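**Q** Okay, here's the structure, questions in a sec.
The values are calculated or read from the model by the stated rules, or taken from the named source; none is laboratory data. Since we're looking at a predicted model, the values are computed, not measured. Glycine also receives a Cβ, built like all others from the backbone with ideal geometry; neighbour counts cover every protein chain displayed. Accessible surface is based on the protein model in full, side chains and every heavy atom, while ligands, DNA and RNA are left aside. Shrake-Rupley method; radii C 1.70, N 1.55, O 1.52, S 1.80 Å.
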Amino acid sequence: MNLNFTKLKSVKIASYVLLGLFLVVTVFNMCSPTIMYQFTVWNSFENVFFSIARWLSYLMVVTSVVAIIYKRKTYQFLSVFVATPMLIISLCSSYQYLNLFEISTFYVVTHFLFNVLGIVLGVYIFLDMIINKEDKSFWLNTFLKTLPLLILGLIPLNIFMQNNTLMNSAFLQYKIFGGWHLFFVLLAVACVFLLYFVLKRKSEEDAQNVMFVLSVVMVYQLLTRFSVVSTGSYHSLSNIFAALPLYLCSFGILILPFAIASKNKMFQTILFLANMPGAFVVFVYLDPGAGVSILHYNVTYFVFNHLLLFVVASLLPRFCNAEYKFKNLLHLFYILAIYLAVVSILNNVCILNGFDPNYSYVSFSPIPLGPIAEIGKFTIFGMTFAPLYLFILYLFYMAIFALGLCVYRGVLWICHKVGNKEKQNKTMATE
């Protein structure tokens, strides 16, 4: 059988269209209550087996993107021989899935579309593969490295909440500036250095591929948050509209894969300046869940995504060639102003509908500002704005960006000094 047809331009375009449809369906499917609810009802072998199978089927969200766009053989293999069989199991066990939680017809349709489109993608990737050239080391690396890491990256972050012992353990209780909080902060810093030393041994292309995969994993976890809030809450967020990615960190997570894949220097630089210090400041200051277990979803999601965002954003200049240019910094002045204006309006729309998501703190400050926040407040078309408070918030974010710039320039200076020293040593060694 001649498989060269997969190299035809029309077939490649069709594969990208198919991938795009699959990703769009994925976004809507991840809003389904059952997506995350299934991991909280492990009360029978059937529920455990099929939910784990679907957990593995969600690998297709990551592996299909890398397999089709980057033609990575490891991800092709995982798409075909791991994710696709799990999608078939998921499709065949739809009766069990649909009986777990009463969902609308819309989510029933997205469930079937997700599985069917994923299987079709798997068939296409299989036809595009050449598996005869793979050696033992490839198989070994696939199973012992990539697969376990991907499974861990896509772990349902609410999976521990069904265990009352873990939820009520005094030892696992989280509180701000407590032992676990300090551990997570140190872990975030340690992970930057760990990933740096791992990636510096790889080619530039491989390093960027790893960072792209990590960025897609963050988007996946961001999407599953919609499922969580459709049945319960994440902090004060208790509906899908309240959980929209209009917070600074969530917005950064959403555009990070595009910034890495497109190699767009402006987006990469802005993400570094905004999300590297921003994620760390939020990580250190905000309280994701005092008095709850560190394995509660409020903590696991907060720590997982903010930690990864801080790590990946920190390494953008080193492995994705994000660079400081004055014109890129100037873009931040008007982009931030537009961003705050838009989210202020959208936040007011939410308030008019009975809830206040406080997108990026445009509604009220996480720190007490007293009467300052009330100065100049006015109402128009039922929407209330506090211009002085928004200006203070604007300056605060710009200060964070300036901090990111200082760190960036400091890293560049250190790298320049280290590079010059290495060149001197090599010159002396050859003389």
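**Q** Among (i) 23.3, 77; (ii) 22.6, 69; (iii) 20.5, 71, only one was calculated for this model; which label is it, if the read-out is Rg and Dmax of the Cα atoms in Å?
**A** (i)
**Q** Given the Cα-Cα distance of Gln162 and Ala261 and 0.36 nm per residue of separation, how much length would full extension add, in nm?
**A** 31.9 nm
**Q** Long-range amide H contacts for Val292: which residues qualify at under 5 Å (H placed 1.01 Å from N, peptide plane, sequence gap of 5 or more or a different chain)?
**A** Distant-sequence amide H within range of Val292: Tyr174.
**Q** Tell me the carbon and sulfur percent of the accessible area for the chain, rounded to whole percent, probe radius 1.4 Å.
**A** Numbers: 15110 of 21360 Å².
Carbon plus sulfur share of accessible area: 71 percent.
**Q** If I model a spin label as a point 7 Å beyond the Cα along the Cα-Cβ vector, how far apart are those points for Cys406 and Phe391 in nm?
**A** My value for the distance between the label points is 2.4 nm.
**Q** Between Lys200 and Leu23, how many nm apart are label points set 7 Å from Cα along the C-beta direction?
**A** Reported label-point gap for Lys200 and Leu23 is 3.2 nm.
**Q** Quick one: of Lys202/Lys265; Lys71/Lys263; Lys12/Lys71; Lys145/Lys200, which pairs are farther than 19 Å apart, Cα to Cα?
**A** Where the Cα-Cα span goes over 19 Å, the pairs concerned are Lys202/Lys265.
**Q** Looking at the chain, identify the longest residue range that excludes and avoids all trypsin sites (Lys or Arg not before Pro) in DSSP loops having at most 16 other Cβ atoms within 10 Å. Let's see the in-between values first.
**A** Working: sites that count: Lys71, Lys175, Lys200, Arg201, Lys202, Lys263, Lys325, Lys377.
Here the longest run is 72-174.
**Q** Normalised by the residues of the chain, what does the relative contact order come to in percent, with Cα pairs under 8 Å and at least six apart?
**A** 16
**Q** Sticking with this structure for a sec: Set Lys and Arg Cβ to +1 and Asp and Glu Cβ to -1, take the dipole of the stretch 27-180 about its Cα centre, and tell me which of Val120, Ile176, Ser32 lies farthest positive.
**A** Of the candidates, Ile176 comes out farthest on the positive side.
**Q** While we're here: Looking at the square roots a ≥ b ≥ c of the eigenvalues of the Cα gyration tensor of the stretch 176-246, which shape do they give, rounded for a/c under 1.5, prolate if a/b is larger than b/c, or oblate?
**A** Oblate, since a/c reaches 1.5 and b/c is not below a/b.
**Q** Within the stretch 49-76, whose backbone N sits under 18 Å from a point 7 Å along Cα→Cβ of Leu127?
**A** Within reach of a label on Leu127, which here means backbone N under 18 Å from a point 7 Å along Cα→Cβ, the stretch 49-76 contributes 64-65, 67-69, 71, 76.
**Q** Report the FRET efficiency, 1/(1 + (r/R0)^6), for Ala170 and Ser44, where r is their Cβ-Cβ distance and R0 is 22 Å, rounded to 0.05.
**A** Result of the calculation: an efficiency of 0.15.
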